[in-house]
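Here the structure comes first, spelled out in structure tokens, and everything after it is commentary.
Read-outs: derived from the displayed coordinates by stated rules, not from any lab. Computed from a predicted model, the values in this text were never measured in an experiment. Cβ sites come from the backbone with ideal geometry, for glycine too, and all protein chains shown count toward neighbours.
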């Protein structure tokens, strides 16, 4: 049995989600924290978001023994820097799109 401990993360925290090895990171919010996995809500511009269950941290050594876990993607902490500004801009863009869609529905 492995002594691996998943890095600490809190409910509601923003992290990076990687759909597969080599994929560009996607901003995702932690919806649920398990003992060794997270449930994430990843932002998908134009669609809102996608729930990502059973996501292991990218450093989890047990993924080598269980390659099927990689099909759920991996996560990592975001660097603590101007990424918040980027996220804020993305949220603003999504809000503008939502307002436009709601405006069309009202007509």
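Taking every DSSP beta bridge with both residues inside the chain, roughly what % is antiparallel (nearest 5)?
90 percent
Of (i) 60, 29, 25; (ii) 48, 37, 26; (iii) 104, 23, 13, which is the value of Cα extents along the principal axes in Å derived from the coordinates here?
From the options (i) 60, 29, 25; (ii) 48, 37, 26; (iii) 104, 23, 13, the structure gives (i).
Give the separation of the Cα centroids, region 1-28 to region 61-79, in Å.
8 Å
Take every Cα pair under 8 Å in the chain that's 6+ residues apart, average their separations, divide by the length, and report that relative contact order as a whole percent. Numbers along the way, then the final one.
Values: 147 pairs, mean separation 24.5, N = 107.
Relative contact order of the chain: 23 percent.
With everything on Cα atoms, drop me the angle between helix 83-106 and the longest principal axis of the chain, reported from 0 to 90° to the nearest 10.
Approximately 50 degrees, to the nearest 10.
I need the peptides 45-54, 11-20, 69-78 ranked by packing, meaning the mean over residues of other C-beta atoms within 10 angstrom, with the highest value on top.
Values: 45-54: 12.8, 11-20: 15.9, 69-78: 17.8.
Highest mean packing first, the order is 69-78, 11-20, 45-54.
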